[in-house]
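Here's the structure, in structure tokens; my notes come after.
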Amino acid sequence: VQLQASGGGLAQAGGSLRLSCAASGGTFSSNAVGWFRQSPGEEREFVAAITWTGRTDHADSVKGRFTIYKDNVKNTVSLQMNNLKPEDTALYYCAAPTRRYYYTRDLNLFDNWGQGTLVTVSS
């Protein structure tokens with residue numbers, strides 16, 4: 001399965017953006033999908049994830065502002081980002097563990113990554 005992330009761009013603080021992760025060559029029906037981000041000079045960090053059952057998990061830093069959801073028909077996982085802050089500026093990646101029916105926040109166990117999409121939030 002190949003993952004394709006899209007939707008990044010420039011937003012003002014307090015604004016919104018929506019990122020999408022599309023799967024080709026397969027589906028998300030039996031895999032968790034996560035969003036991670038990396039700012040310059042920082043380590044890549046967990047943002048949010050959704051399991052094959054639809055259960056969601058959000059990092060404390062984005063809880064209440066970001067929402068991850070999926071569309072099983074379109075085979076996409078999206079990240080709605082509201083009330084953006086300058087500290088949300090980063091390269092955002094979607095990823096999935098190859099292992100089915102398996103979920104963890106540990107990015108080292110996500111072995112299928114899409115390309116990053118840049119989100120820039122101005123103050």
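The values are calculated or read from the model by the stated rules, or taken from the named source; none is laboratory data. This structure is a prediction, so every number in the text was calculated from the model and none was measured. Because the Cβ atoms are built from the backbone with ideal geometry, glycine has one as well, and the counts that use them run over all protein chains shown. Just the protein is used for accessible areas: all its heavy atoms, side chains included, with ligands, DNA and RNA removed. Shrake-Rupley method; radii C 1.70, N 1.55, O 1.52, S 1.80 Å.
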TODO: Percent of Cα-Cα pairs per 5 Å bin, from 0 to the last occupied bin, for the stretch 37-123, please list those.
DONE: 3, 13, 24, 28, 20, 10, 3, 0, 0
Task: Solvent exposure of the stretch 2-79 as accessible area per residue, Å², 1.4 Å probe - done: 50 Å²
Open item on the list: I want the local charge near TRP35. Using Cβ-Cβ distances under 12 Å, sum +1 for each Lys or Arg and -1 for each Asp or Glu among the other residues.
Closed with: +2
- [ ] Along each of the three principal axes of the Cα atoms of the stretch 1-61, give the extent in whole Å, ordering the values from largest to smallest.
- [x] 35, 24, 23
- [ ] For the chain, give the percent of accessible area contributed by carbon and sulfur heavy atoms, probe 1.4 Å, rounded to a whole number.
- [x] 46 percent
- [ ] Report the relative contact order of the stretch 1-91, percent, no decimals, based on alpha-carbon pairs under 8 angstrom and at least 6 residues apart.
- [x] 32 percent
